[in-house]
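Taking it in order: structure first as structure tokens, then the write-up.
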Amino acid sequence: MTDEQPTKPVRHLLGLSGGKDSSALAIYLRDKVPEMEYFFADTGAELPETLAYIDMLEDYLGKPIKRLNSKKSFEYFLKLNGNFLPTAKSRWCTSELKIRPFEEYVGNDLAISYVAIRADESHRKGYLSTKPNISARYPFIEDGVVKEDVLKILETSGIGIPEYYEWRSRSGCYFCFFQRKDEWVGLYERHPEKFEEAKKYEAYHKEHGRTHTWSQGEYLEDLIKRSDEIKANALLQKETEKQKPKKKLLDKFADDSDDGCLICML
Ligand code: SF4
């Protein structure tokens with residue numbers, strides 16, 4: 001008899017954000033990595049469209065998608081951060097609501113995290129755990145999969161793209177500060193109650209004379225008064241994008257730029 005413990009197998013993990021790239025990667029790898037564990041770090045502020053899409057994906061994959069919920073809420077962390085809303089530079093929301101639950105889920109197990117950065121955006125920097133037991137793999141980069149392929153994967157699977165892409169370019173929290181102004185208008189039109197909730201989070205800043213706002217340069221209550229102008233500008237920009245060569249198939253995702261938070265939005 002020996003005292004040696006049996007070695008735990010390496011875990012294979014794929015985090016879904018409810019965005020098109022991670023969803024396509026899950027579909028792409030479903031049969032290639034049968035031992036894959038899927039997870040979704042739910043911030044508690046997800047769009048209903050995202051949650052519905054994750055449910056559908058779960059059925060497609062034929063495996064549970066583990067919902068990882070932070071033990072504490074966004075409100076709790078907001079207070080802890082002096083009631084300062086998160087910003088691109090101070091993204092405490094990502095670390096507390098996305099990264100920490102993931103790292104707790106992995107614990108000290110040896111794990112490979114599959115990241116959905118595509119071959120046409122290999123310059124992007126995704127979240128990489130600093131934990132030594134978690135390493136990353138980039139199957140889309142390894143296999144030269146680009147945006148057009150991702151859209152094909154989703155279309156061919158029958159899953160299609162998430163519904164929110166009709167008015168928003170990324171997954172993530174309904175109040176995400178990475179939203180464009182026309183996406184805030186989209187939120188107001190599709191989910192007015194969520195828009196009101198987002199407005200409430202700004203109230204503390206306003207009452208205390210802080211200039212920081214969710215959307216750069218203006219409070220949401222002022223932004224929405226300009227909704228016609230914002231929508232007209234967005235339309236104009238879309239038209240200009242269409243004129244650019246090689247964009248036709250990908251118009252819907254023309255602004256799929258790298259200013260977002262990859263763990264939330266891939
Ligand atoms: S989606 Fe936006 S607000 Fe939500 S955790 Fe990610 S960066 Fe923060």
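Relative contact order for the chain using alpha-carbon pairs under 8 Å, separation at least 6, rounded to a whole percent? Computed over the chain, the figure is 24 percent.
Derived from the Cα gyration tensor, the three semi-axes of the equivalent ellipsoid of the chain are 33, 25, 15 Å, largest first. What separates the Cα centres of the range 183-208 and the range 1-78 is a distance of 29 Å. Could you tell me the relative contact order of the range 149-254? Use alpha-carbon pairs under 8 Å, at least six residues apart, and round to a whole percent. Relative contact order of the range 149-254: 22 percent.
Report in % the part of the accessible area of the chain that belongs to carbon and sulfur, leaving out ligands and nucleic acids; probe 1.4 Å.
52 percent
Output the antiparallel fraction of DSSP beta bridges having both residues in the chain, as a percent to the nearest 5.
Working: 2 of 19 bridges.
Taking every DSSP beta bridge within the chain, about 10 percent pair in antiparallel fashion.
Protection proxy ranking of 164-175, 141-152, by the mean of other Cβ atoms within 10 Å over each peptide's residues and highest first, is 164-175, 141-152.
Calculated accessible area for the range 11-265 comes out at 50 Å² per residue, all protein chains present (probe 1.4 Å; ligands, DNA, RNA ignored).
A crude spin-label estimate for the pair ILE112 and LYS66, with each label 7 Å from Cα along the Cβ direction, gives 1.7 nm. The C-alpha atoms of the chain define a longest principal axis, and helix 147-157 lies at about 70 degrees to it. Take the residue pairs LYS79/LYS200; LYS72/LYS181; LYS8/LYS71; LYS79/LYS225; LYS131/LYS194; LYS72/LYS200 and return only those whose Cα atoms are more than 25 Å apart. Beyond 25 Å between Cα atoms: LYS72/LYS181; LYS8/LYS71; LYS79/LYS225; LYS131/LYS194.
The values are calculated or read from the model by the stated rules, or taken from the named source; none is laboratory data. All figures in this text were calculated on a predicted structure; none of them were measured in a lab. Note that we place each Cβ from the backbone using ideal geometry, even for glycine, and neighbour counts take in every protein chain shown. We work out accessible area using only protein heavy atoms, side chains counted, and drop any ligands, DNA or RNA first. Shrake-Rupley method; radii C 1.70, N 1.55, O 1.52, S 1.80 Å.
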